[in-house]
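Here is the structure we will look at.
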Amino acid sequence: MDTFLVIWEKALEILKQELVSVRYDTWIKTLSPVKNVDAAFYFQTLNPIHKELVEKSYKNLIVSAMNDAADAMDYGQEIDVFFLDTEEASRLKQPPVSHQETESSGNSRTTLNPYYTFNTFIVGSSNEFAHAAARAVADNPGYTYNPLFIYGKTGLGKTHLMQAIANHITENNNSSTVMFVKSEPFLNDLINAIRTSKTEEFRKRYRKADVLLIDDIQFIAGKESTQEEFFHTFNDLHENNKQIILSSDKPPKEIARLEERLQSRFEGGLIADIQPPNYETKLAILTKKAKDITSKDSLKCEVSHEILDLIATKVSSNIRSLEGALKKIIAYTVLNGRTPNLVEAEIAIRDFLNTNTKKISSKHILQTVCEYYEISEDEITSNKKNQSIAYPRQMAMYLTRKLMDLSYKAIAEIYGKNDHTTVKHAFEKIEKEIQSNIETKTLVDDFITKLKE
């Protein structure tokens, strides 16, 4: 018998003892061994949702069982496991395509997701400006807004919007060279080019692009060689009216250790932010995704409006969390043959719920603000009135009032102030700034998210 199958059978015996029968039968027994390449073992799942849930909830357990079984057989290698949907499993069984064929088969440096289009992007008040800017760039690359810099927290749709631009240009102008790449592969390309003395090839490859999209550009910060190379690539493309689109988790001026000359160039075009979606946008996203997912034959089911409302109300504004909760409900429905009631649904998605159970302390707020502004706790609680100390103090006071059930007087005592009106003034000042300054709002949102983690 094939070694893979022997190890898997022994692993199944271990897993059967560690899991209750319903979980073993539902999630583990339904996996199908496909093949192994050295110590990488591949399994086919029933459908994309089965794949996602096994990866999230059971991968570590399966890896452990596989390695225990392998050790008993003196296999001699550390095993890792990977899960595939039907289409991926089918591709794995086919002969590999050469690197050259892959490179020449399309315009994009990184394969684009065909689902990421403007038609599948749900527009709401939180992202309508970024969406409008992206559409304008896609319709007239190189001339409308160059560069376009899109920023927002993880899971809000930046990559979707970036790839929608790339897909639109690729479909409407086959002669354009569109390159979409994340900053990590860009960095790895450069490191390999330097190591193999092929930096000229690296430059030619990226500078031939008519449209260059780099996702998560913040990761090049602090890396001198990468910033140096990207600076010259940016200039070359920009001077030749080639479109540059960048995304980040924060605006250029808040990216720590980003060179000033790059910050200046990033700010020279249009900066568009994506904020967390409100309830209406979340419900629209869930409705659209539910329709897309349940249209597949293996996942046909109905998700009631009440369930979608539950998810939109109780799950965080991170779109990935919304989608994860929805997929969990669909998996429950498909596997159990019925839609869960609201109580069952809330139990099913409890991992995604906004519990906010962490108790936030004034000490934690103080430490977090001091760390961000690189000042000491003694300084922030001192009587110093210079702006570099006063503003962080006002921010800390605001967050303490916002996140804790404390009076102005109690907060004043924490910060060594005799007059509570100092705290009141700080709160009102930051609150006013939030209404008029998107960067302040983003900073406060980031503080709150970090404090609640």
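The values are calculated or read from the model by the stated rules, or taken from the named source; none is laboratory data. What you are looking at is a predicted structure, and each value in this text was computed from that prediction instead of being measured. Cβ atoms come from the backbone with ideal geometry, glycine included; neighbour counts cover every protein chain shown. The protein model used for the area step is the full one, side chains on, heavy atoms only, and it has no ligands, DNA or RNA in it. Shrake-Rupley method; radii C 1.70, N 1.55, O 1.52, S 1.80 Å.
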**Message:** Which aspartates and glutamates, if any, have their Cα less than 17 Å from the Cα of LYS432, not counting same-chain residues under 8 positions apart?
**Reply:** ASP445
**Asked** Over the range 14-70, with a single point scatterer placed on each C-alpha, what log10 of the ratio I(q)/I(0) does the Debye formula yield at q = 0.16, 0.24, 0.29 1/Å?
**Response** -0.48, -1.10, -1.44
**Message:** How compact is the chain by the rule of thumb for globular proteins, expressed as Cα Rg over 2.2 N^0.38 Å?
**Reply:** 1.14
**Message:** If you roll a 1.4 angstrom probe over the protein chains with everything in place, what fraction of the accessible area of the chain belongs to carbon and sulfur, to the nearest %?
**Reply:** 47
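About the Cα centre, and with charges only on the beta carbon of Lys, Arg (+1) and Asp, Glu (-1), how big is the dipole of the chain? Nearest 20 debye, please.
Its charge dipole is roughly 960 debye.
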**Asked** What FRET efficiency would be calculated for the residue pair GLU128, ALA410, taking the C-beta separation as r and a Förster radius of 45 Å, to the nearest 0.05?
**Response** 0.65
**Separation in nanometres of the label points that stand 7 Å from Cα toward Cβ, at LEU335 and GLN263** = 4.9
**Asked** Using the scaling law 2.2 N^0.38 Å as the reference, what is the normalised Cα Rg of the range 186-313?
**Response** 1.49
**For the range 217-343: lysine pairs under 23 Å (alpha-carbon distance), excluding those fewer than 8 apart on one chain** = 28
**Prompt:** How about the range 137-185: which chymotrypsin sites (Phe, Trp or Tyr not before Pro) there lie in a loop by DSSP and see at most 12 other Cβ atoms within 10 Å?
**Reply:** TYR143
**Asked** Solvent-accessible area per residue for the chain at a 1.4 Å probe radius, Å²?
**Response** 52
**Inter-probe distance in nm under a simple model that places probes 7 Å from Cα toward Cβ, at TYR75 and VAL6** = 1.2
